[in-house]
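Working notes, structure below.
What follows draws every value from the coordinates through simple rules; no lab data is involved. It should be emphasised that the depicted structure is a prediction, and the values quoted were computed from it without experimental measurement. Heads up, the Cβs are rebuilt from the backbone with ideal geometry, glycines too, and the neighbour counts pull from every protein chain shown.
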Amino acid sequence: MALRKILTQGDPALAKTCRPVEKFDRKLHWLLDDMKETLQNAGGVGLAAPQIGILRRVVVVEDAEENMIELVNPVIVDQSGEQEGWEGCLSVPGQWGQVKRPNFVTVRAQDRHGNFFEASGEELVARCFCHELEHLDGHLFVEHTDRLYTSEELDAMQAEEENEE
Ligand code: ZN
């Protein structure tokens, strides 16, 4: 396994539409293993293959129990409700925005061997499914927010909220 470099906003790979995975071979398993290691190392909750420059429909997402789910060729098959909250991206480091997402999302995907399965998540996990799947079509969360905040601004706002309580 190896750590891969995470590309940042402005890199053309992040604006591309990714191709479906057709071969569930050792190369895919290496990719998934590297993505999981890279995500863990970066301290994020989700990573899409284009973020490390691989234009294939592959994402890894951390679920509510902190297990990493491998999603190959994922599609959203059900969604409901709404949530608005802070969102960031390993490819947009140090920037945060308020983004509306469905509160509950079900994804249908294949595992590393090609078997189909469904995974559901709410709140942060649902947000993460939406965020990561968008990467596969060349979209970033910054398209859904009017304003980006720096980590310092976010900390200041949270400190202010705590003072008001
Ligand atoms: Zn992202």
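Structural remarks
- Rounded FRET efficiency, nearest 0.05, which uses the C-beta distance separating M157 from D33 and R0 of 41 Å: 0.60
- Computed from Cα positions, the angle between helix 26-42 and the longest principal axis of the chain comes to roughly 20 degrees.
- Summarising the amide proton neighbourhood of Q95: residues at separation of 5 or more, or on other chains, whose placed amide H is nearer than 5 Å comprise C89.
- Relative packing of 146-158, 70-82, 11-23, which averages over residues the other C-beta atoms within 10 Å, highest first: 70-82, 11-23, 146-158
- Relative contact order for the chain: 23 percent, from Cα pairs under 8 Å spaced at least 6 residues apart, divided by residue count.
- Summarising the label geometry, the points placed 7 Å from Cα in the beta-carbon direction at Q83 and E118 lie 2.0 nm from one another.
- Pairwise Cα distances in segment 106-165 exceed 13 Å for 75 percent of all pairs.
- Between helix 151-164 and the chain there is an angle of about 50 degrees, using the helix long axis and the longest principal axis of the Cα atoms.
- Relative to one another, the C-alpha centroids of segment 50-89 and segment 111-135 are positioned 4 Å apart.
- Scaled radius of gyration (Cα, divided by 2.2 N^0.38 Å) that the chain gives: 1.04
- Local net charge near V92, Cβ-Cβ under 12 Å (Lys/Arg +1, Asp/Glu -1): -3
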